[in-house]
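Inspection log for the structure reproduced underneath, given as structure tokens.
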Amino acid sequence: VLGALLDQGTLAIERASLVAESRRNETLAERERLQTTLLSSLSHDLRTPLASILGSVTSLRGYGGQMSEADRDDLMAAIEEEARRLARFVSNLLDMTRVESGVLDLKRDWVDVTDVVRAAVARAEKAFPGRTTRVMVEEGLPLVRGDPLLLQQALFNLLDNADKYSQSGSATTVRATMGIGDVTITVEDEGCGIPAADLVRVFEKFARVTDGDRRPPGTGLGLAVAQGVVDAMGGSIRAESPATAGKGTRIVIHLPVGPPQPLGVEEKELSDVGV
Ligand code: ADP
């Protein structure tokens, strides 16, 4: 009996390691599949704006002299827009590299959320001049800990999405309020919304859920970067979208205020300079 039990035990262990092995292979295969999808989607998203820039430049060089000033201006505006899109794309990739390499852990400044929200909105207003952005910031918000520039980038990514996935002319609303032990920031748009089944998945790297043809170019990294930044600040981020499709998206960020930290080296340096 003991022998039979031992045999069963060995079998169970062997099976478990086979399962583990095949899971590892599945994960590897899945990772390779993801990388291939990523590369083809990256090449597509890089190639489309580049083709459009090259096409416009070729037209300008070939027929610019015969064109009306208005037509020339239109082509230049198209080139500028596509170039900006490419720049956004590349900066998202760079941010992702920072998030992945853990550089985020290094910066633990005191952050004034009001300043960061206003800076992100100012940047977005410049980038998307046709969009109305309403800002409602509660007075006297406490400081939080983290990286102000990266938080600004995270918020900009949300404002960028609000622009990309909404009709022009609709409004985006940004709120920053005091929650229970945290500062809550919400970015709300009136756009196409996110299907309930994808509200969590959209934060994964390279996840894109808006359907193929009408999908604006992007990396699928904007929300992953935002999540990386918020996580590194000890906070949380989630997406909400009403059940009715097309009724907008709300992204909610909670950043902990937390009790004052014990007076460590860093704090001492801060109080030395009178902060
Ligand atoms: P990208 O916008 O570059 O695709 P993100 O990581 O910022 O990447 O977003 C992931 C996906 O989530 C998008 O492709 C889109 O399908 C969806 N999404 C994000 N924000 C919104 C929004 N405000 N409204 C509708 N869909 C959104």
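Values as computed for the structure displayed
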| read-out | value |
| --- | --- |
| Residue within segment 250-267 that is modelled with pLDDT under 70, surrounded by 13 or more Cβ atoms within 10 Å (Cβ to Cβ), farther than 12 Å from ASN161 by Cβ and more than 11 Å from the ligand (Cβ to nearest atom) present | yes |
| Of all residues making up segment 209-226, the number that are more than 6 Å from the ligand (Cβ to nearest atom), small (Gly, Ala, Ser) and modelled with pLDDT of 70 or more | 1 |
| Test: residue in segment 124-137 that is in a helix (DSSP H, G or I) and farther than 29 Å from ASP182 by Cβ | yes |
| Residue match in segment 170-177 (condition: part of a loop (DSSP other than H, G, I, E, B) and not polar (S, T, N, Q)) | no |
| Subset of segment 156-203 [near the ligand (Cβ under 8 Å from one of its atoms), more than 24 Å from ASP95 (Cα to Cα) and open to solvent by 50 Å² or more (accessible area, probe 1.4 Å)] | CYS192 |
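Let's see how each residue does on (1) of a type in the set (Gly, Ala, Ser); (2) open to solvent by less than 40 Å² (accessible area, probe 1.4 Å); (3) at pLDDT 90 or above; (4) away from the ligand (no atom under 16 Å from the Cβ):
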{"residue": "ILE53", "(1), (2), (3), (4)": "no, yes, yes, yes"}
{"residue": "VAL57", "(1), (2), (3), (4)": "no, no, yes, yes"}
{"residue": "GLU80", "(1), (2), (3), (4)": "no, no, yes, yes"}
{"residue": "MET96", "(1), (2), (3), (4)": "no, yes, no, no"}
{"residue": "VAL111", "(1), (2), (3), (4)": "no, yes, yes, yes"}
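The values are calculated or read from the model by the stated rules, or taken from the named source; none is laboratory data. Predicted model, so just to flag it, every value in this text is computed and none were measured. Because the Cβ atoms are built from the backbone with ideal geometry, glycine has one as well, and the counts that use them run over all protein chains shown. In case anyone asks, the SASA skips ligands and DNA or RNA and just uses the protein heavy atoms, side chains included. Shrake-Rupley method; radii C 1.70, N 1.55, O 1.52, S 1.80 Å.
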